[in-house]
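Report on the following structure.
The values are calculated or read from the model by the stated rules, or taken from the named source; none is laboratory data. What you are looking at is a predicted structure, and each value in this text was computed from that prediction instead of being measured. Cβ coordinates were reconstructed from backbone atoms using ideal geometry, including for glycine residues, and neighbour counts include every protein chain displayed.
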């Protein structure tokens, strides 16, 4: 309606506020992708820090890698719109969300994600900072972005500034990079099977497996080793040099994520042209600042469900970009896809081959997510991400348990 002097009055429609916070747990596959049945490649004698104990060497589940299960966080707005996200954390993280973090969410505008993140992080700093607590914060943050996208009827990648390329291209993580090559992926990352406790014989087996896969895949296909924090600097250095003749592109997360000094030494020690990557189990801008300022790696690999969510990944990526480093997030399905497609320093993405073989491309977080896009010929078109929010829904056939309430 216009006033007499020709000025128009604008009507501001209040943005929906958050009215409910719910945290659930789920078992089997999904976001806790280690929670798999027997015979899955992801639990087949993979080197770990626990491999120094023979009784925990053959299976990661034997020492409890899957005890937490999946965390599901739902945020409901006053108009009935629900945003959600999944990560690991299970019941302990559900407690943190319901009994602690919910106070910073109820009655708040979901667009105020910076203030909400700041309050969640600094209110938990005395018992958090990394690990389980930041997993919980990440789930809430991702649910906020999902809710915001749904309220604005835009995909999250639009909210992040829009796509800088027309498609995502992927490398595959799994036990069969030769099959990944046939499926159109740009590279294959193998799990390392033998660590220092298995001596020189184990080292020879690691090199032999890489040599076999190089013969199967040819010279123009990337091959990498995921060492899952299992090694020390000496073993990692020897492994890198022994694998150099077989074209190992990078050595990933070779040592403890807290050993920044060891990573800096390893980066100096590896053969020229080989990359050192890490950061899957790092968290927040401060942890990644250490990796970057100490020149620990060539590529950082934050998991958006563990490092602090999208809100924190924006800051982590900016730190890396200013130093000319690549950001290639660990796994995390649609939650990383929407980010990677908006950043020039994230030129490709990881796809976890969650088929037991793995001989087929299946949704990474199945069965918990519906509508999860998967690569075709190693690529996903940006148009596959065009639904509001992160573009996925919870599978109603997957049982959810709400152990606490706020």
Filtering region 336-372 down to residues that are farther than 22 Å from residue 191 by Cβ and under 14 Å from the mean Cα position of the chain (by Cα) yields 337, 338, 339, 340, 346
Exercise for the section: Answer yes if at least one residue in region 322-330 is within 20 Å of residue 111 (Cα to Cα) and at pLDDT 95 or above, and no otherwise. Expected result: no
Residues of region 68-119 being more than 18 Å from the chain's Cα centre (by Cα), under 13 Å from residue 23 (Cβ atoms) and part of a helix (DSSP H, G or I), in sequence order, are 91, 92, 94, 95, 96, 97, 98, 99, 101, 102
Residues in region 39-60 that are assigned to a helix (DSSP H, G or I) and within 20 Å of the chain's Cα centre (by Cα) total 3
Log entry, pairs with first residue in region 115-130 being surrounded by 17 or more Cβ atoms within 10 Å (Cβ to Cβ), second being assigned to a loop (DSSP other than H, G, I, E, B), beta carbons closer than 7 Å, six or more apart or on different chains, reads 116/105; 116/108; 124/100; 130/283
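Please give the strands (runs of 3 or more DSSP E) falling wholly within region 213-332 in which 3 or more residues are over 16 Å from the mean Cα position of the chain (by Cα) and crowded, with 19+ Cβ neighbours inside 10 Å. Working first, answer last.
Values: elements: 222-226, 248-252, 275-278.
Filter on region 213-332 gives 222-226, 248-252.
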